[in-house]
Amino acid sequence: MSNQKARANDYAQAIVQAMLERWQSALMTAADALKSGKSDVESALPKGSPVELLNVLKLMADRGDLDMIKDVASSLGEVLTGRGAAVKAEVVSAA
């Protein structure tokens, strides 16, 4: 890999890490705000949170899953890196 490509990858990873941390922080803040009595997901999010995050929280609210916000925040990094829990699979082959 060229030096320029390696540096570009470093910058891309830094951007993704910053986005991940921003989302995790906002989710934790929202979870704490909702637990302490705020009833509206929009007011529970920090100012300047991405609209996509608000949409996710509204979906979670519609499905009755707001109690899972901290679990989602914790799982974001695993999903992003593909390092989630191992999945057991059985492979059957004719050969």
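Evaluated against (1) in contact (Cβ under 8 Å) with a residue 40 or more places away in the chain; (2) in contact with a Gly (Cβ under 7 Å, 6 or more places away or on another chain), Leu76 falls short on exactly one condition, (2). Just one of the listed residues (Lys5, Lys47, Lys70) is touching a helix residue (DSSP H, G or I) at 6+ places or on another chain (Cβ under 7 Å) and of a type in the set (D, E, K, R), namely Lys70. Filtering region 9-32 to residues that are over 16 Å from Ser74 (Cβ atoms) and touching a residue at least 12 places away in the same chain (Cβ under 8 Å) leaves only Val16.
Here region 40-78 is the region considered, the condition is being assigned to a helix (DSSP H, G or I), open to solvent by less than 40 Å² (accessible area, probe 1.4 Å) and small (Gly, Ala, Ser), and the residue that is nearest to Thr29 (Cα to Cα) is Ala44. Once region 1-39 is narrowed to residues that are part of a helix (DSSP H, G or I) and of a type in the set (Ser, Thr, Tyr), the residue that is surrounded by the fewest Cβ atoms within 10 Å (Cβ to Cβ) is Tyr11. Scanning region 1-39 for residues that are among the β-branched types (Val, Ile, Thr) and over 22 Å from Gly82 (Cα atoms) returns a single hit, Thr29.
The values are calculated or read from the model by the stated rules, or taken from the named source; none is laboratory data. The model shown is predicted, which means the values in this text are computed figures rather than measured ones. Every residue, glycine among them, receives a Cβ derived from its backbone with ideal geometry; neighbour counts consider all protein chains shown. Surface accessibility is based on the protein's heavy atoms, side chains included, excluding ligands, DNA and RNA. Shrake-Rupley method; radii C 1.70, N 1.55, O 1.52, S 1.80 Å.
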